[in-house]
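See below for the structure under consideration.
The values are calculated or read from the model by the stated rules, or taken from the named source; none is laboratory data. Quick caveat: nothing in here was measured; it's all calculated off a predicted structure. Every residue, glycine as well, gets a Cβ built from its backbone with ideal geometry; the counts of neighbours run over all protein chains shown. Note: accessible area is taken over every heavy atom of the protein model, side chains too, but ligands, DNA and RNA are not part of it. Shrake-Rupley method; radii C 1.70, N 1.55, O 1.52, S 1.80 Å.
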Amino acid sequence: TTKEATCTEDGSKERVCECGEKETAVIPALGHNFENGDCKNCDEVLTSRFEDVKAGLFYFDPVEWAVEKGITTGATDTTFNPDGQCTRAEVVTFLWRAAGKPEPTTTVNPFTDVKEGDFFYKAVLWANENNITNGVSATAFAPLTKCNRAQVVTFLWRAQNEPASDAEVTFTDVKDGQFYTTAVAWAVEHNITNGISATEFGVDGICNRAQVVTFLYRSQAE
C-alpha cells in the first residue's frame, strides 16, 4: 500500500507478508518546486511583495531576484510598475548593480547631462569605460532616453564580454552588420529573449521594467 508524498508531508509504502508481518518505508516529502511563483508539484502560490506582480507571470522570479540582489526596487513600497518604460540611465544602473557596483577607474566625466550625485553617475562612467555603452554624442549620454530591445540586449552582451554566437538569426528586422546583430543571436541562443513574433525581433520596441529585469536575470543565470 502506497501513500504518495506531497510537497509538505511524507508519504509511505507499506508491505504486508502473508504471515502478517509488516514493513513500512517512508517516502520523503517532495518540497515545493516554485517557478514564477507557482509550485509545479501542487497548488501552492507565492505572493509577491508587489501587488502588480502576480504568480505565473514571466517576470515574477526576475523581479523578486532583482529586488533581493539590490538591482532595483519598486516604483513604490507596494508596486513594481512592470510596464514602466526603461531609460538608458536605468538600464546601465541595473547592469552596474548586478555587477556588484564596481567603482569606475576614471574620474573624467565627458557627459554634460550626467552630474555627480545622480543615481546613475557611477554606473554611466563604468559602462562608458567598459564599452558597454557610450554617449549619443561626445558630450551627451541622454540618460532619460528610452531604451529599445536592440540596445538592451547589446548592453547585456557587452557586459558579458561580447561572447561569440553561431546561432542563425532569421528575423527580418535584424540585418547583418548591425551593432546589435551578434547580440540578438546570442540572446536568442541562450533563451534570454526571443522575437516578438516568428519573423520579427522588434529591435525598436521600447523595453519596460519587467522585460529588462527578466533579460538581466536570464543572462546572469548563464
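Take segment 179-197 and flag every residue that is open to solvent by less than 80 Å² (accessible area, probe 1.4 Å) and of a type in the set (S, T, N, Q). It would help to see each step written out before you state the result.
Restricting attention to segment 179-197, the residues satisfying the condition of being open to solvent by less than 80 Å² (accessible area, probe 1.4 Å) are 180-188, 190, 192-193, 195, 197.
The answer is Thr181, Thr182, Thr193, Ser197.
Is one or more of the residues making up segment 178-192 hydrophobic (A, V, I, L, M, F, W, C) and assigned to a loop (DSSP other than H, G, I, E, B)? Show your work before the answer.
So the first thing to find is which residues in segment 178-192 are hydrophobic (A, V, I, L, M, F, W, C), and the list is 179, 183-188, 192.
Filter again for assigned to a loop (DSSP other than H, G, I, E, B), leaving 179, 192.
Looking through segment 178-192, at least one residue is hydrophobic (A, V, I, L, M, F, W, C) and assigned to a loop (DSSP other than H, G, I, E, B).
Is it true that Thr76 is modelled with pLDDT under 95 and either touching a Lys or Arg at 6+ places or on another chain (Cβ under 8 Å) or of a type in the set (Ser, Thr, Tyr) (or both)?
Details: modelled with pLDDT under 95: yes; either touching a Lys or Arg at 6+ places or on another chain (Cβ under 8 Å) or of a type in the set (Ser, Thr, Tyr) (or both): yes.
Answer is yes for this residue.
List every residue pair whose Cβ atoms lie under 7 Å apart, where the two residues are 6 or more positions apart in sequence or sit on different chains, the first residue falls within segment 186-210 and is farther than 28 Å from Phe50 by Cβ, and the second residue, located anywhere, is open to solvent by 70 Å² or more (accessible area, probe 1.4 Å).
Val188/Asn194; Thr199/Thr172; Glu200/Thr172
I'd like to check which helices (runs of 4 or more DSSP H) are fully inside segment 12-131 and have at least 1 residues that are within 17 Å of the chain's Cα centre (by Cα) and aliphatic (A, V, I, L, M).
60-68, 88-98
With the checklist (1) under 26 Å from Glu64 (Cα atoms); (2) part of a loop (DSSP other than H, G, I, E, B); (3) open to solvent by 30 Å² or more (accessible area, probe 1.4 Å) in hand, flag the one item Arg158 doesn't pass.
(2)
Could you check segment 111-128 and list, in sequence order, the residues that are more than 17 Å from Cys147 (Cβ to Cβ) and loosely packed, with under 14 Cβ neighbours inside 10 Å?
Selection gives Thr112, Lys115, Glu116, Gly117.
So that you can scan it fast, the table gives a plain yes or no per residue for (1) touching an Asp or Glu at 6+ places or on another chain (Cβ under 9 Å); (2) of a type in the set (Lys, Arg); (3) surrounded by 11 or more Cβ atoms within 10 Å (Cβ to Cβ); (4) closer than 24 Å to Trp157 by Cα:
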site: Cys39; (1), (2), (3), (4): no, no, yes, no
site: Val45; (1), (2), (3), (4): yes, no, yes, no
site: Asp52; (1), (2), (3), (4): yes, no, yes, no
site: Leu57; (1), (2), (3), (4): no, no, yes, no
site: Lys69; (1), (2), (3), (4): no, yes, yes, yes
site: Glu90; (1), (2), (3), (4): no, no, yes, yes
site: Leu95; (1), (2), (3), (4): no, no, yes, yes
site: Pro102; (1), (2), (3), (4): no, no, yes, yes
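Where the second residue is charged (D, E, K, R) and outside any helix (DSSP H, G or I) and the first is farther than 19 Å from Thr105 by Cα and lies in segment 121-150, which pairs have Cβ atoms under 8 Å and are six or more apart or on separate chains?
Once the first residue is farther than 19 Å from Thr105 by Cα and sits in segment 121-150, its partners that are charged (D, E, K, R) and outside any helix (DSSP H, G or I) give Ala140/Asp113; Ala142/Asp113; Pro143/Asp113; Pro143/Asp118; Asn148/Asp204; Arg149/Asp204; Ala150/Asp204.
Taking the criterion of being touching a Leu at 6+ places or on another chain (Cβ under 9 Å) and over 15 Å from Val91 (Cβ atoms), would at least one residue in segment 181-196 satisfy it?
Here is the first cut: in segment 181-196, the ones touching a Leu at 6+ places or on another chain (Cβ under 9 Å) are 183, 186-187, 192.
Checking which are over 15 Å from Val91 (Cβ atoms) leaves us with 186.
So far as segment 181-196 goes, yes, one or more of its residues are touching a Leu at 6+ places or on another chain (Cβ under 9 Å) and over 15 Å from Val91 (Cβ atoms).
Please count how many residues of segment 198-222 are open to solvent by less than 80 Å² (accessible area, probe 1.4 Å), farther than 11 Å from Asp173 by Cα and assigned to a loop (DSSP other than H, G, I, E, B).
The total comes to 2.
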